[in-house]
1. Taking +1 at the Cβ of each Lys and Arg and -1 at the Cβ of each Asp and Glu, which of GLN109, LEU89, THR38 sits farthest along the dipole of segment 12-143 towards its positive end, judged by Cα position relative to the Cα centre?
2. Whenever you get a sec, line up VAL74, VAL104 from highest to lowest accessible area (probe 1.4 Å, protein heavy atoms).
3. With labels modelled as points extended 7 Å from the Cα through the Cβ direction, what inter-label distance (nm, one decimal) is found for MET66 paired with LYS22?
4. Relative contact order for the chain: what percent, with Cα pairs under 8 Å and sequence separation of 6 or more?
5. Evaluate the distance, in nm, between pseudo-label points positioned 7 Å from the Cα of CYS91 and of SER10 along their respective Cα→Cβ axes.
6. Within 10 Å of each candidate Cβ there may be at most 12 other Cβ atoms; applying that plus a DSSP loop requirement, which GluC sites (Glu not before Pro) in segment 1-81 survive?
7. Over segment 12-143, what percent of the accessible surface lies on carbon and sulfur atoms, probe 1.4 Å?
8. Please report the Cα spread of segment 12-143 along all three principal axes, rounded to whole Å, starting with the longest.
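The values are calculated or read from the model by the stated rules, or taken from the named source; none is laboratory data. As the structure is a computational prediction, the values presented were derived from the model and not from experiment. Here the Cβ positions follow ideal geometry from the backbone for every residue, glycine too, while neighbour counts run over all protein chains shown. We work out accessible area using only protein heavy atoms, side chains counted, and drop any ligands, DNA or RNA first. Shrake-Rupley method; radii C 1.70, N 1.55, O 1.52, S 1.80 Å.
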Amino acid sequence: MAVREVIQKSDMLLRKTSKEVKVFDEKLEQLIDDMWDTMYTNDGMGLAAVQVGMLKRVIVMDVNNMKLELVNPVIISQSGCDIEEEGCLSCGKIRGKVKRPMVVTVSAQDRYGYHFQITGEKYLARCLCHEIDHLNGILFIDKLEKE
Ligand code: NI
């Protein structure tokens, strides 16, 4: 495992669309393990692969003491609305309020390619949406609520 550099918002790589993972091999496992190291070293709660320079549809998050690894995540349903503050390891100290769904259900694969679904509400739903946005080149600062 190794800590990788977290790229910052001026880096245009963060604006690219990450590619679907089709090969579930040791390189993918290495990437995910490194993402955990990188996230915890930076006191983050979630991280997308693009933030360590890899345009792959992979995210990790640790929310409510639940460690989640999601490969090729897709939001399959969402409902409600919740406005809370967010930050991002790629956006320095910027924080701001963002509107997100209250509940989302996400379909994804694990590091071995097995499919699963997860439903999250409130903060977990928020983190899922924030990280999936990264895979589509979107940052939370694009969605800030007008105060
Ligand atoms: Ni982020």
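1. LEU89
2. VAL74, VAL104
3. 3.2
4. Answer for the chain is 25 percent.
5. 1.8
6. Those satisfying the criteria are GLU5, GLU20.
7. Ligands and nucleic acids excluded, carbon and sulfur reach 50 percent.
8. Taking max minus min along each principal axis of the Cα atoms, segment 12-143 gives 39, 30, 28 Å.
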